[in-house]
Amino acid sequence: MGLFDVGQSLQSTIGAVSSTYGAVGNAINVGSNLANAIGNAGDIGSMARMALSGLPSAGEAIGDVLSAVSLFSDEGNSNDWRVRLSLPNWSSFKSSPVLAPLKSAGGFIFPYTPEVTISGGAKYTQIQTTHSNYPFSAYENSNPGTIQITAPMMAEDSTQALYWIAALHYCRSVTKMFTGYDPKAGNPPPIVFLNGYGNYVFKNVPVAITQFQLQLPKDVDYISCDVVGSAAGAINGISDSIGGLAGTLGGAIPQLSGITSAVSSIAGGVGQVAGLLGTFGIGGSTSGGKAYVPVKSSFTITLQPMYSRTSVRNFSLDRFVTGGYMTNSFGYI
């Protein structure tokens with residue numbers, strides 16, 4: 001590729017981001033103000049959270065994740081025993097156009113009865129003593145074990161296909177940490193709530209998704225659906241492309257390093273603002289193109305119950321045995 005061709009490619013890419021950037025319009029200024037506010041208060045907020053809870057905010061053992069139940073539209077319906085996982089109580093999850101089908105449903109609800117495998121146990125360490133016929137067993141700790149959900153998923157029309165896309169995007173999203181330009185950068189993946197089969201089985205159990213698998217069969221039909229994406233996310237992606245192209249060009253042609261560094265810096269700034277816009281649900285939506293979904297598939301999700309040090313320290317076996325925790329807003333299993 002010659003210098004002229006590289007220049008034309010860079011100009012074309014910049015034109016694309018300019019066009020997409022214009023779709024967001026005045027919201028960029030709003031995002032800039034939000035970024036300044038976060039920058040001014042970020043250190044104080046992080047220190048306060050750590051001082052109060054001893055845990056990073058995105059770990060969400062007490063704060064954000066407890067209020068995630070507000071997204072359960074029919075949480076008060078005692079007859080609704082469907083298995084579901086809540087949406088994390090964070091702006092990007094609640095405003096994501098891709099996750100909109102799950103928000104409308106009240107969380108990631110498994111539309112067909114899944115197969116749920118639960119386990120648990122107590123760990124004992126054997127103490128070997130001399131001149132003894134039997135060893136002594138010393139209790140070490142208990143473990144609620146992992147929870148595995150194997151759920152069939154059918155898609156008969158575009159609406160159900162979009163739900164399938166949202167379910168896959170949800171699993172991918174909640175198994176990643178906050179990083180980059182995220183206001184909660186450095187925090188682990190969010191904790192969510194598991195509910196299902198009534199108060200005495202799963203009632204607001206805090207869990208982390210440790211693994212998921214999705215089978216895409218080769219012997220079933222696939223249907224298409226139009227996916228809606230985030231305009232702010234599109235800007236972010238294009239700005240990353242510009243920064244990468246500018247960096248490559250500057251490395252190949254040292255004479256242009258000053259210009260390409262400036263372009264890369266601008267692209268990074270645009271990407272940072274776009275990331276903040278997406279986080280706070282600002283910037284509208286854009287076409288995400290078509291996706292193809294199998295009419296029959298299966299999700300397998302592994303959950304790990306997650307309890308904070310405070311909740312473990314305050315746990316009462318007497319209260320647990322008598323059923324005192326079964327209708328509580330924070331579920332022990």
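The values are calculated or read from the model by the stated rules, or taken from the named source; none is laboratory data. Source: prediction; values computed, not measured. Cβ: placed from backbone, ideal geometry, glycine included. Neighbour counts: every protein chain shown.
Results for (1) over 21 Å from the mean Cα position of the chain (by Cα); (2) part of a loop (DSSP other than H, G, I, E, B); (3) farther than 18 Å from V192 by Cα, shown as yes or no for each residue.
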position: N89; (1), (2), (3): no, yes, no
position: K94; (1), (2), (3): no, no, no
position: P111; (1), (2), (3): no, yes, yes
position: V116; (1), (2), (3): yes, no, no
position: T129; (1), (2), (3): yes, yes, yes
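Pairs under 8 Å by beta carbon, first residue free of Cβ contacts under 8 Å to residues at least 12 places away in the same chain and surrounded by fewer than 15 Cβ atoms within 10 Å (Cβ to Cβ) in the stretch 133-150, partner in a loop (DSSP other than H, G, I, E, B) and not charged (D, E, K, R), six or more apart or different chains?
From residues that are free of Cβ contacts under 8 Å to residues at least 12 places away in the same chain and surrounded by fewer than 15 Cβ atoms within 10 Å (Cβ to Cβ), the pairs are P135/Q128; P135/T129; F136/T129.
Provide a single number: the residues in the stretch 55-87 that are at pLDDT 50 or above and assigned to a loop (DSSP other than H, G, I, E, B).
Total satisfying the criteria: 9.
Quick one: in the stretch 152-191, which of the residues that are surrounded by fewer than 21 Cβ atoms within 10 Å (Cβ to Cβ) and small (G, A, S) is modelled with the lowest pLDDT?
G180
Counting just the residues of the stretch 167-222 that are in contact (Cβ under 8 Å) with a residue 60 or more places away in the chain and of a type in the set (D, E), which one comes out nearest to P111 (Cα to Cα)?
Out of the qualifying residues, it is D221.
Can you tell me which residues in the stretch 154-175 are assigned to a helix (DSSP H, G or I) and among the small types (G, A, S)?
Selection gives S158, A161, A166, A167, S173.
Restricting to the stretch 301-329, count the residues that are surrounded by fewer than 16 Cβ atoms within 10 Å (Cβ to Cβ) and assigned to a strand (DSSP E or B).
1
Report, by residue number, each residue of the stretch 192-211 that is over 13 Å from the mean Cα position of the chain (by Cα), within 16 Å of A151 (Cβ to Cβ) and crowded, with 18+ Cβ neighbours inside 10 Å.
L194, N195, G196, F202
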